[in-house]
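Before any comments, here is the structure.
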Amino acid sequence: MARKYFGTDGIRGLTNTPPMTAATAMKVGMAAGAHFLRGSHKHRVVIGKDTRLSGYMLESAMVAGFTAVGMDVVLLGPMPTPAVAMLTQSMRADMGVMISASHNPYFDNGIKLFGPDGYKLSDADEMAIEAMIDGDVALSPATDIGRARRVEDARGRYIHFAKSTFPEELRLDGLRVVVDCANGAAYQVAPSALWELGADVVTVGVAPNGRNINDGCGSTAPQLLCETVVASGADIGIALDGDADRLIVVDETGVVVDGDQIMATIATGWAKAGRLRGALIATVMSNLGLERHLAAHGIGMARTSVGDRHVLEAMRRGGNNVGGEQSGHIILADYGTTGDGLVAALQILAELVRAGTSASALLKQFEPVPQLLKNVRFSGGKPLEAPRVRAVIAEAEAALHGAGRLVIRPSGTEPVIRVMAEGDDSDLVTRVVERICEAVREAAT
């Protein structure tokens, strides 16, 4: 059954354009609230958001929807996505909501839903809610409508939790850390947690104004962080995205370290300490060099489709505790139910303190196999189904003939086709990607 509202990571779109309107947000609140009205207890939903201007509008609309069906609402204000998941569990809520479009520009927004266990909703739950959004949802009697209240100490609760994931015997004294919060949800909690652990903190992207989230800063635009790390003589730089579930690291020389190197660092460190359970779970986008590196250390690696949701599902099935994506979604099942940029950063900092070496020495775990990823924007249709595109893809696969990998997929959050190839021959990789992108562009016009 085709989905009208939910995509690969909740509901997302341009603000004030369907489906990301106040009217739809209220209907989502009503439908999701009604879906989770189970049992005779007083029901509760936790709502967090990032710093987008439209967060106020969507938050208010969702409060109206939830209270209309009899659910109490707990408002957290600007908080990271993993904080919402954690607080949903700790506050015994029936569900959690994060209002955010993650790394997208400010004019987009989105709605992510969590169940009472703190995990993102299953396909079955999403489909059930979808079916109710455009239908008639039973409203509560006037005597049973819900209440809304704001929790003022939510930030402190999450900071305490994040610090608890850092080894008790270690401190960050003497370490200068630049943290780029993307003018997003972690602009207060991330610097505070690092400072309380003893770090000398230099901040970037901590002055949100509703419109500057992810604007030239954060994990998807790390150049400012790179420059700040070098200029301030910092030991390491940490970049989060708008809702702080993604992490990119910059070493002391200003070089960007992607999610594959971060996962390799954590996995090998945890394996050495006897903490790693099973293989590392990554996606089809992770570099072949990561797989080879882990194998050399006796660590397995399994791949899933793109999306932290797929990674998490595989981790839950296999009981694995480390997984993630090259883009920086790092999931550490010992500590949370979703990607957590700050918690992942603290694990990297712990490894750095233990190693007593530079970030550049620690984080260059392996030499990546030449890999190229390009995005082709399209306005409609299905360019990947065009005969010419299929033919070019088949030619590319034959050219790689087992010496590399090809991954082509439409994005689940943007109108783009992602074309990735990797192999030991960098020239061949470049030619393959360029030819496919050209064919997709022609088919999309």
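Quick notes on this structure:
- Of the helices (runs of 4 or more DSSP H) lying entirely inside the range 14-109, those containing at least 1 residues that are within 20 Å of GLU152 (Cα to Cα) are 55-68, 81-90.
- On the stretch given as the range 292-329, residues that are of a type in the set (S, T, N, Q) and surrounded by fewer than 17 Cβ atoms within 10 Å (Cβ to Cβ) total 1.
- Every residue from the range 123-174 that is farther than 14 Å from MET30 by Cα, assigned to a loop (DSSP other than H, G, I, E, B), among the hydrophobic types (A, V, I, L, M, F, W, C) and out of contact with any strand residue (DSSP E or B) (no Cβ under 6 Å at 6 or more places or on another chain): PHE166, LEU170, LEU172
- Checked against the criterion of being modelled with pLDDT of 95 or more, in contact with a helix residue (DSSP H, G or I) (Cβ under 8 Å, 6 or more places away or on another chain), within 23 Å of HIS103 (Cα to Cα) and assigned to a strand (DSSP E or B), the range 346-366 has no qualifying residue.
- Restricting the range 219-237 to residues that are open to solvent by 10 Å² or more (accessible area, probe 1.4 Å) and in a loop (DSSP other than H, G, I, E, B), the residue that is farthest from THR253 (Cα to Cα): THR220
- Residue in the range 136-148 that is at pLDDT 95 or above, open to solvent by 60 Å² or more (accessible area, probe 1.4 Å) and closer than 24 Å to GLY307 by Cβ present: no
- Filter pass, GLY210 being open to solvent by 30 Å² or more (accessible area, probe 1.4 Å) and assigned to a loop (DSSP other than H, G, I, E, B): no
- Condition met for ARG435 (in contact with a strand residue (DSSP E or B) (Cβ under 7 Å, 6 or more places away or on another chain), in contact (Cβ under 8 Å) with a residue 40 or more places away in the chain, more than 17 Å from SER286 (Cα to Cα) and open to solvent by 30 Å² or more (accessible area, probe 1.4 Å)): no
- Only one of GLY205, GLY216 that is within 17 Å of VAL249 (Cα to Cα), modelled with pLDDT of 95 or more and out of contact with any strand residue (DSSP E or B) (no Cβ under 9 Å at 6 or more places or on another chain): GLY216
- Taking the criterion of being over 22 Å from the mean Cα position of the chain (by Cα) and open to solvent by less than 10 Å² (accessible area, probe 1.4 Å), the only residue of the range 162-185 that qualifies is LEU172.
- Odd one out for ILE159 among (1) free of Cβ contacts under 8 Å to residues at least 40 places away in the same chain; (2) open to solvent by 40 Å² or more (accessible area, probe 1.4 Å): (2)
- Residues in the range 379-395 that are open to solvent by 40 Å² or more (accessible area, probe 1.4 Å) and part of a loop (DSSP other than H, G, I, E, B) were compared, and the one that is nearest to ILE408 (Cα to Cα) is LYS382.
- Of all residues assigned to the range 198-215, none qualifies as being without any contact (Cβ under 8 Å) to a residue 12 or more places away in the chain, touching a helix residue (DSSP H, G or I) at 6+ places or on another chain (Cβ under 7 Å) and not hydrophobic (A, V, I, L, M, F, W, C).
- Scanning the range 51-81 for residues that are out of contact with any strand residue (DSSP E or B) (no Cβ under 6 Å at 6 or more places or on another chain), over 26 Å from ASP134 (Cβ atoms) and open to solvent by less than 10 Å² (accessible area, probe 1.4 Å) yields GLY77, PRO80.
- Residue within the range 100-114 that is β-branched (Val, Ile, Thr), under 21 Å from the mean Cα position of the chain (by Cα) and open to solvent by less than 30 Å² (accessible area, probe 1.4 Å) present: yes
The values are calculated or read from the model by the stated rules, or taken from the named source; none is laboratory data. Being a predicted model, the structure only gives us computed values, none of them experimental. Here Cβ is always computed from backbone atoms with ideal geometry, including for glycine, and neighbour counts include all displayed protein chains. For accessibility, only protein heavy atoms count, side chains too; no ligands or nucleic acids. Shrake-Rupley method; radii C 1.70, N 1.55, O 1.52, S 1.80 Å.
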